[in-house]
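The values are calculated or read from the model by the stated rules, or taken from the named source; none is laboratory data. Small disclaimer: the values here were computed from a predicted structure and weren't measured. Note that each Cβ is placed from the backbone with ideal geometry, even for glycine, and that neighbours are counted across all protein chains shown.
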Amino acid sequence: MQKLVSLLFLLALPWISIAQPFVANYDESKVPVFTLPDVLVFNDGSRVVTKKDWDKRRSEIYSIFEKDVFGVVPEWKGQVKSTIVSHCVDALDGIAKRKEVRLDFMNGDQKVSVMVLIYLPQNSKNAPVFLSYNFDGNHTTTMEPDVLIPDSWVSNNKAFGISDNRASEKGRGGAASRWPMKEIVSRGFGVATVYYGDVDPDFDDGFKNGIQQLFDSKRDSTSWGSIAAWSWVASRIMDYFETDKDVNAKRVIMMGHSRLGKTSLWAGASDQRFAMVVSNNSGCGGAALSMRKFGETVGRINTAFPHWFCDNYKKYNGKEELMPVDQHELLALIAPRPVYVASAEEDLWADPRGEFLSCVYASPVYELLGMKGLPSKVMPAASNPLIGTIAYHIRPGKHDVTLYDWQCYMDFATDYFKLKK
Ligand code: GTR
């Protein structure tokens with residue numbers, strides 16, 4: 001019997017060691033010792049000293065993230081057409097203007113349509129606008145009855161009564177707690193939201209559906225994943241904003257939660273027209289340092305979501321210490337523009353401490369550019385935001401976007417854009 005048990009153990013060994021890297025560690029004492037790439041040292045070992053040096057170093061870092069993490073966006077050869085499909089002058093009990101704008105992406109005879117739902121304060125001239133994807137359809141962000149329901153693929157979701165990947169009336173307002181539209185608008189901000197599945201349905205289909213089908217289909221290990229696709233379309237929405245007189249395109253805040261927080265960071269890094277970036281609980285592949293291997297790891301995320309990043313990222317499954325970049329450098333790509341990173345105490349999967357440390361290690365770039373980085377190297381207590389040009393808070397509770405989170409982002413943006421309080 002004993003022999004049989006040992007034999008079974010021996011046979012299982014390879015599987016145990018394959019599975020091992022993807023077992024989540026939640027024990028701070030088991031975080032490996034690691035050396036982060038220095039954001040202010042060029043790949044050839046020389047130091048970044050001047051602002052001009054930083055521009056070159058920035059391109060080096062950007063190019064690594066492109067080729068090794070998120071993937072390169074191929075050349076766009078199509079057209080984008082915008083159509084205002086609805087307009088309401090007294091939304092949210094009269095405090096807001098609301099419109100829905102459809103962006104049709106066309107290449108040859110193929111078309112992908114993306115619906116942008118926009119709420120703006122009545123006097124919107126200087127209003128900063130949060131641009132933020134939603135997970136389940138624009139109609140889930142509000143109780144307003146006439147907001148359109150997407151006809152693209154949606155995840156099945158019992159709470160929203162979806163079992164056939166089709167959104168329905170049952171989901172209306174289902175995610176409204178994450179979208180306190182009235183509070184946002186009454187503080188002088190606008191919100192533009194888009195169902196992320198309009199852009200790319202979030203499952204691994206070999207990039208046959210969504211926006212990628214409109215591009216050259218040849219793929220290699222550097223080709224873009226879904227996060228790069230969501231980010232690219234965020235920039236196309238920005239193109240639209242630049243044509244819309246109701247929107248101040250110089251004050252767009254790219255904000256996102258979780259996988260869409262990863263997206264907001266990459267969009268903010270890729271397109272410097274975004275005036276500010278907010279990462280809510282973005283975790284692995286977002287704000288959290290990968291080399292800590294705490295909570296979700298590169299191996300785990302690439303296994304569960306093989307379509308989010310480029311194939312090169314998979315080289316680092318279980319080998320995060322070999323990465324030529326880490327996520328503090330993703331934050332640094334946003335400098336000198338303000339970036340707010342937020343964690344939640346119970347969201348260990350997203351590694352709150354790793355998200356905080358990214359802010360610390362991105363700070364030297366902000367300082368080089370004459371801005372204040374994160375004002376402390378000590379992790380703050382819950383609900384005590386640290387505010388520099390990089391801001392950070394951790395709040396009690398779970399992986400979510402709460403009114404408290406929004407209030408912090410709005411306070412930060414109110415000061416930055418010098419809005420009336
Ligand atoms: C999880 C994933 C995280 C995070 C999250 C979300 O399953 O592991 O990286 O992105 O989903 O987007 O809600």
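Some points to look at:
- Residue identified as among the polar types (S, T, N, Q), under 30 Å from Val49 (Cβ atoms), surrounded by fewer than 23 Cβ atoms within 10 Å (Cβ to Cβ) and away from the ligand (no atom under 16 Å from the Cβ) among Ser383, Ser376, Ser363: Ser376
- Val41 of a type in the set (A, V, I, L, M), at pLDDT 95 or above and touching a helix residue (DSSP H, G or I) at 6+ places or on another chain (Cβ under 6 Å): no
- Any hit, region 88-103, residues being within 30 Å of Gln213 (Cα to Cα) and surrounded by fewer than 17 Cβ atoms within 10 Å (Cβ to Cβ): yes
- Out of Phe135, Phe160, sole residue that is modelled with pLDDT of 95 or more and either under 26 Å from Asp216 (Cα atoms) or of a type in the set (A, V, I, L, M, F, W, C) (or both): Phe135
- Within the set Asn134, Asn123, Asn156, Asn138, the sole residue that is in contact (Cβ under 8 Å) with a residue 40 or more places away in the chain, polar (S, T, N, Q) and either more than 17 Å from Ala229 (Cβ to Cβ) or out of contact with any helix residue (DSSP H, G or I) (no Cβ under 9 Å at 6 or more places or on another chain) (or both) turns out to be Asn138.
- Restricting region 269-286 to residues that are closer than 18 Å to Tyr196 by Cα and within 13 Å of the ligand (Cβ to nearest atom), the residue that is surrounded by the fewest Cβ atoms within 10 Å (Cβ to Cβ): Gly285
- Residue in region 412-420 that is within 26 Å of Thr297 (Cβ to Cβ) and among the basic types (Lys, Arg) present: no
- Qualifying helices (runs of 4 or more DSSP H) (wholly inside region 293-389; at least 2 residues being under 29 Å from Ala413 (Cα atoms), free of Cβ contacts under 8 Å to residues at least 24 places away in the same chain and in contact with a strand residue (DSSP E or B) (Cβ under 7 Å, 6 or more places away or on another chain)): none
- Selection status of Gly78, at positive phi, in contact (Cβ under 8 Å) with a residue 40 or more places away in the chain and touching a helix residue (DSSP H, G or I) at 6+ places or on another chain (Cβ under 8 Å): no
- Residue in region 158-169 that is crowded, with 23+ Cβ neighbours inside 10 Å, in contact with a strand residue (DSSP E or B) (Cβ under 9 Å, 6 or more places away or on another chain) and not aliphatic (A, V, I, L, M) present: no
- Failed condition for Val129, given (1) surrounded by fewer than 20 Cβ atoms within 10 Å (Cβ to Cβ); (2) of a type in the set (A, V, I, L, M, F, W, C); (3) touching a helix residue (DSSP H, G or I) at 6+ places or on another chain (Cβ under 7 Å): (1)
- Any hit, region 252-268, residues being under 19 Å from Glu60 (Cα atoms), surrounded by fewer than 24 Cβ atoms within 10 Å (Cβ to Cβ), touching a residue at least 40 places away in the same chain (Cβ under 8 Å) and away from the ligand (no atom under 16 Å from the Cβ): no
- Annotation: of all residues in region 312-328 being under 19 Å from the mean Cα position of the chain (by Cα) and over 18 Å from Ala391 (Cβ atoms), the one that is farthest from the ligand (Cβ to nearest atom) is Val325.
- Unique match (being closer than 22 Å to Ser383 by Cα, aliphatic (A, V, I, L, M) and in contact with a helix residue (DSSP H, G or I) (Cβ under 6 Å, 6 or more places away or on another chain)) among Val298, Val339, Val325: Val339
- Among the residues making up region 75-87, those that are among the hydrophobic types (A, V, I, L, M, F, W, C) and either over 20 Å from Ser217 (Cα atoms) or loosely packed, with under 12 Cβ neighbours inside 10 Å (or both) are Ile84, Val85.
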